[in-house]
Amino acid sequence: MDLSSLKNPKILLETAARILLGAVFIYASWDKILNPAGFAEAIGNYQILPPGWVNSAALLLPWIEMVCGICLICGRLVCGSALLAVGLFIVFTGALAYSAYRGLDIQCGCFSLDNSANSNLYLDLFRDLVLLAIAFMVLLRWRRPPRLGRPS
């Protein structure tokens, strides 16, 4: 992308959405990477995964978020990263909605593993729905470069 394309508001919005989404993933992954035991506890509080899967999910998920965020910010593998972001936000939204439906009073574990932080599953659900919409926009609006032999 050259600087002249940034004068186009549509391209500027798409770029800003992609970078924002990437930054959210990197920020969300940081505390989880540094404290996998705390994140495993947060995952276990949802009571959705079998107990044997909780530790594996706590070790793998933050790194997936980190790599996805880096790719989105750097503009590399954007289609795959945006598709992964959509899938992750569908899972996150589903877990939050199911927990709210069951009336669980738990910390989201989305951005902080601090148990003393106030959490409202409905606000967390709304935030994830907004981020899901942004991820869909990035996925649907990303332009792939023209391939050889294909007209531009």
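The values are calculated or read from the model by the stated rules, or taken from the named source; none is laboratory data. For clarity, every value in this text was computed on a predicted model and none was experimentally measured. Positions of Cβ are generated from backbone atoms using ideal geometry, with glycine treated the same way; all protein chains shown enter the neighbour counts.
What number of residues within segment 86-129 are assigned to a loop (DSSP other than H, G, I, E, B) and surrounded by 15 or more Cβ atoms within 10 Å (Cβ to Cβ)?
Looking only at that region, the number is 9.
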* Asked: Can you name the number of the only condition in (1) touching a residue at least 60 places away in the same chain (Cβ under 8 Å); (2) part of a helix (DSSP H, G or I); (3) within 10 Å of the chain's Cα centre (by Cα) that Leu132 fails?
  -> (1)
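For Arg150, state whether it is modelled with pLDDT under 95, in contact with a helix residue (DSSP H, G or I) (Cβ under 7 Å, 6 or more places away or on another chain) and of a type in the set (Lys, Arg). Please lay out each step first, then the result.
Working: modelled with pLDDT under 95: yes; in contact with a helix residue (DSSP H, G or I) (Cβ under 7 Å, 6 or more places away or on another chain): no; of a type in the set (Lys, Arg): yes.
Judged against the criteria, Arg150 is not a match.
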* To do: Being closer than 16 Å to Ala57 by Cα, of a type outside the set (A, V, I, L, M, F, W, C) and in contact (Cβ under 8 Å) with a residue 12 or more places away in the chain is the filter here, so list the residues in segment 79-115 that pass it.
  => Gly109
* Working carefully through the options Cys79, Cys68, find the one that is surrounded by 19 or more Cβ atoms within 10 Å (Cβ to Cβ) and over 15 Å from Cys108 (Cα atoms). => Cys68
* Asked: Restricting segment 39-55 to residues that are polar (S, T, N, Q) and without any contact (Cβ under 8 Å) to a residue 60 or more places away in the chain, which is surrounded by the most Cβ atoms within 10 Å (Cβ to Cβ)?
  -> Asn55
* Structure fact -> Among Ala58, Ala23, the single one that is modelled with pLDDT of 95 or more, surrounded by fewer than 16 Cβ atoms within 10 Å (Cβ to Cβ) and either touching a helix residue (DSSP H, G or I) at 6+ places or on another chain (Cβ under 7 Å) or of a type in the set (Lys, Arg) (or both) is Ala23
* Search result, residues across segment 89-110 that are touching a Leu at 6+ places or on another chain (Cβ under 8 Å) and small (Gly, Ala, Ser) -> Ala97, Ser99, Ala100
